[in-house]
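Structure first, then comments.
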Amino acid sequence: MEELINKVDENLLNEITNYEEIKKGAYNIRKNGQGIERKVTENVNIITKQDKPGINIYVKENTKFEFIHIPVIITESGLTDLVYNDFYIGKNANVIIVAGCGIHNDHHKKSQHDGIHRFFLEEGAKVKYIEKHYGEGVGDGKKILNPVTEVYLKKGSSMEMESSQIKGVDSTIRETKGVLEEDTNFVVSEKIMTNGIQTAKTIFDVQLNGDNSSTHVTSRSVATDESKQYFISKIYGNKKCFAHSECDAIIKDKAIVTATPEITANNVEANLIHEAAIGKIAGEQIIKLMTLGLTEKQAEDEIINGFLR
């Protein structure tokens, strides 16, 4: 009988989270389109959807500082996995949710995961959401990841989202949508690296519908070789609110990065800011590190790693 979690699976899980930490709280592990392990706690319940693939995660009100892990791994070439996960976060709860997907593809067919995650935060709730994407394998089969994140914040709630894709993903379209009521805050930090002929497209759409709602969206990316990246940020200030969107990118070789900001103030008290900076690594930075004994390649890698930290 095949092990539920073998060595390849364990390595994938360690790339997108800490495998040893997973089982300390509530968790659901999905492998090749099927849930294979699950644990619930007194405050966190996980239920399989009946109408479509995916799970519902319920967090009781006033739950404090619990971890919830919902990693996905794919090791089957030729598989396209689609999952819908909904999170219902109770009033005044404060939790950390760790998600993400790792794909191992040693063959010629594409492997793909499309994850649609929706977050519904009640009044005063707080969530830190960490999502990592990773691809590996010796085959030429594509590794494709298309995450969709929808966030609905009720009065006084807040969500912090950290998203990273640093290696091995051939193609990705990343969509993040936020609908914010009064006194809410949505902070997004995204890090992406592409090489070869990889492509990455990021789309942010945030509706600031409540007084004193705010958002801060930050994207840091590195594009090398002939890879292409597209950053699209749409923010709508519909009440007295604040928004800051920034895109910083480093390009090398024949890579292309396109940043398209769109900020719309539908209220005289909406304060919206967008910044974008795209360019190559400064030569003086490389020279400075080379004087410390690094080669030019080592200096470039050090700068890139520091930029994406």
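The values are calculated or read from the model by the stated rules, or taken from the named source; none is laboratory data. No experiment lies behind these values; they were computed from the predicted model shown. Every residue, glycine as well, gets a Cβ built from its backbone with ideal geometry; the counts of neighbours run over all protein chains shown. Calculation scope for accessible area: heavy atoms of the full protein, side chains included, ligands and nucleic acids excluded. Shrake-Rupley method; radii C 1.70, N 1.55, O 1.52, S 1.80 Å.
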Taking Cα pairs under 8 Å and at least six residues apart, what relative contact order does the range 7-281 come out at, in percent?
11 percent
If R₀ is 35 angstrom, what is the calculated FRET efficiency for the pair Glu61 and Asp211, using the beta carbon separation as r and rounding to 0.05?
0.90
Under 11 Å from the Cβ of Lys23, count the other residues' Cβ atoms, weight Lys and Arg +1, Asp and Glu -1, and hand me the total.
0
Within the chain, which DSSP H helices have Cα atoms that stretch 30 Å or more along the helix axis and a mean Kyte-Doolittle hydropathy of at least 0.5?
none
Note on the range 53-120: contact order normalised by length, alpha-carbon pairs under 8 Å, 6 or more apart, percent, works out to 44 percent
Which option, (i) 24.4; (ii) 21.2; (iii) 20.4, is the value of Kirkwood radius over Cα pairs in Å that was calculated from these coordinates?
(iii)
Added length on full extension, which subtracts the Cα-Cα distance from 0.36 nm per residue, Lys52 to Lys177:
42.9 nm
Heavy-atom accessible area of Glu182, protein chains in place, probe 1.4 angstrom, given in Å² to nearest 10, is 80 Å²
Accessible area in the full protein assembly, largest first, 1.4 Å probe, for Lys167, Lys52
Lys167, Lys52
Using a 1.4 angstrom probe, figure out how much accessible area the chain has per residue, in square angstrom, rounded to the nearest whole.
47 Å²
